[in-house]
Amino acid sequence: MPTSNRLPWLNRGTAAILLAAFLLRAFVAVHYDNFVIPDEIYQYFGAAHRLVFGHAVIPWEFKVGLRSWLIPLLLAGPMELARLVTPNPWYGIAFAKLLVAVASMSIVVAATGWGWRFRGARGAVICALVAGFWPDLVVMAPHPTEGALGTYALISALYLIELAPDGSARPVVLRRAAIAGALLGLAFVLRNPLAAGAAIAGIAMCRLDAGKWAAGVGAGAVVVLLAGMLDWWTWGTPFRSFEINYLVNVAGGVASYFGTEGPSFYPLMIVLDWTWALPVIILGVIIGSRYLKVSALAAAAGFAIFMATPHREFRFLFPSIALLVPVFALGLIRVFEVVPRYARPAVPAALATRLAMTVSARVPLSASTPAARAEAALYPYHLARIGITSLATPAYLYLGPRTRMALVNSPADLAGVDGLVTRKDKMTVPPRFRLVGCYNPPYRLPAFLRTANTPS
């Protein structure tokens, strides 16, 4: 592949790594039918499903106007395209998750470009490998959470900001500042706590350049204004989701109702997550921060924001972790160089082993709602009443509006049930049902249908 002037780091080696990284993310998106948080089901895919099919469970956030319709609208596009091919909603979900995985590749592209800028062709390859196969990035790639999508916008802006000076003409510089400003505004719109990191990035980009301030702030303001107008169109009040989110979760403390953790929660989770690889990671981040100062500061600001809130979840740190992966990759190159020659093979081997162990453990554990796939298998049968036993979340989101779910605890509860979704080790197949689907570990979700109501 010939080298491009715009993308000097793109060659056969880096292109192969990027392709392999995306194929891995696509495999996770399609093979692991999971969701990392219930918000994905009810707030994002559920709201998009309502736009496309006209029905869905409506959570309280979408009753009071706390959520923006931006993410559901983005997901509704691919779901509607898939609906034109098949009415089964699962294919629309899979298509949308694949497109989100494409967006997640922005981190890998940025890391590769930065590797080329600071360490040449060798740096581009190493940074592409680290970002392409870092487990946190792979696990989160198919999931359209606010934090993940906001991170992709923020790191894309940082890539434009931390490019090598190339002597571009003034109009090109201002156009680049406008694009970066729009991406920073989008990052804030998607995930409000990213405001601190976006502000740091914007200040680093503009400095004392009045033209950059006008272009960057102007473009960012347009994006924020459009988000406010979307609230006006959907909720009847400009910026309603911003206002209600602040009043409910921040001023009202409702977020703390879902649980609080002490200040040691995040450090402890990081130690448990990376164990013996953590010293190498910390050293790499310290060294890499000399190259990507703005990204490191933005990551630190994000960490500080979430440390200051009592409601803590490890997934909240994803933006900071994602921003630090390219930083670590650049530092790892230097770590590798100072290690004695005879010990150098042990560094990538040990780190790769730890990464493989982490991703193999975390991908299956992210399955919180396996009911969705079994439910999609039942969709073509148009059942009126489905029984469920031991699933994490009720499986009624993507079925028809007249479908009803019933909890089954004993054989007596099967009366009047057309279908049954259960774990294989939970219940034997009742005589009047036949098996129509069974999903392999870690899910094991067979669906049993009564013979009298289904074709042979």
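The values are calculated or read from the model by the stated rules, or taken from the named source; none is laboratory data. The structure presented is a predicted model; accordingly, all values stated were derived computationally and were not measured. Heads up, the Cβs are rebuilt from the backbone with ideal geometry, glycines too, and the neighbour counts pull from every protein chain shown. Heads up: the accessible areas ignore ligands, DNA and RNA and are worked out on the full protein's heavy atoms, side chains in. Shrake-Rupley method; radii C 1.70, N 1.55, O 1.52, S 1.80 Å.
Considering only protein heavy atoms, what per residue accessible area in square angstrom results for segment 81-130 with a 1.4 angstrom probe?
On the way: 1910 Å² over 50 residues.
With all protein chains present, segment 81-130 gives 38 Å² per residue.
For the pair L19 and I58, what calculated FRET efficiency results from E = 1/(1 + (r/R0)^6), where r is the Cβ-Cβ distance and R0 = 30 Å, to the nearest 0.05? Don't jump to the answer; show the numbers that get you there.
On the way: r = 40 Å, r/R0 = 1.34.
Computed FRET efficiency for I58 and L19 comes out at 0.15.
Stretch A204-W233 to full length: gain in nm at 0.36 nm per residue minus the Cα-Cα span? Mind dumping the intermediate values first?
Numbers: separation 29, 0.36 × 29 = 10.44 nm, distance 3.44 nm.
In short, 7.0 nm is gained.
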Next on the checklist: What are the ³J(HN,Hα) couplings of segment 167-172, residue after residue, when phi is run through the Karplus curve with 6.51, -1.76, 1.60 and θ = phi - 60°? Round to Hz, x for glycine and proline.
Outcome noted: x, 5, 5, 4, x, 5
Checklist entry - When the Kirkwood radius is taken over all Cα pairs of segment 90-157, what Stokes-Einstein diffusion coefficient follows at 37 °C and 0.692 mPa s, in µm²/s? => result 264
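Highest mean first, what order results for 179-190, 74-85 on Cβ atoms within 10 Å?
Final packing ranking: 179-190, 74-85.
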Item to check | Carbon plus sulfur fraction of accessible area for segment 277-342, probe 1.4 Å, in percent | outcome: 73
Next on the checklist: Quick query: amide H of A406 versus all other amide H atoms, modeled in the peptide plane; which residues come in under 5 Å with a sequence gap of 5 or more or a different chain?
Outcome noted: I386, G387, I388
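Summarise the accessible area of segment 24-147 (1.4 Å probe, protein heavy atoms) by the percent that is carbon and sulfur.
On the way: 2790 of 4060 Å².
That fraction is 69 percent.
Report in % the part of the accessible area of segment 150-246 that belongs to carbon and sulfur, leaving out ligands and nucleic acids; probe 1.4 Å. Before the final figure, lay out the partial values.
On the way: 3240 of 4540 Å².
Carbon and sulfur atoms account for 71 percent of the accessible area of segment 150-246.
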Checklist outcome for this item: Interchain or sequence-distant (5+) residues whose placed amide H lies within less than 5 Å of the amide H of L10 are S4
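Could you rank the peptides 15-27, 36-48 by their average count of other C-beta atoms within 10 Å per residue, with the highest value first? Walk me through the numbers on the way to the answer.
Numbers: 15-27: 16.9, 36-48: 21.7.
The peptides rank, most packed first, as 36-48, 15-27.
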Checklist entry - Which value results when the Cα radius of gyration for segment 1-110 is divided by 2.2 N^0.38 Å? => result 1.30
Checklist entry - Once phi is turned into θ = phi - 60°, what whole-Hz ³J(HN,Hα) does the Karplus curve with 6.51, -1.76 and 1.60 give for every residue of segment 116-127, x standing for Gly and Pro? => result 5, 4, 8, 9, x, 4, 5, x, 4, 5, 5, 5
Checklist entry - Sequence-distant or interchain residues sharing an amide H contact under 5 Å with R434, placed H: which? => result L449, R450, T451
Item to check | Residue-by-residue Karplus 3J(HN,Hα) for segment 71-84, coefficients 6.51, -1.76, 1.60, Hz, glycine and proline x | outcome: 5, x, 5, 5, 6, 5, x, x, 5, 5, 4, 5, 5, 5
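When the chain is fully extended, how far beyond the present Cα-Cα distance does R12 get from L51, taking 0.36 nm per residue of separation?
Values: separation 39, 0.36 × 39 = 14.04 nm, distance 4.18 nm.
The R12-L51 span can extend by a further 9.9 nm.
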Checklist entry - Using 7 Å Cα-to-Cβ label points, what is the F258/L407 separation (nm, one decimal)? => result 2.2
Next on the checklist: I'd like the trypsin sites (Lys or Arg not before Pro) in segment 137-213 restricted to DSSP loop residues with at most 12 other Cβ atoms within 10 Å, sorted by number.
Outcome noted: R207
Checklist entry - Given 10 Å bins starting at zero, what is the percent of C-alpha pairs of segment 79-237 in each, up to the one with the largest pair distance? => result 11, 30, 34, 20, 6, 0
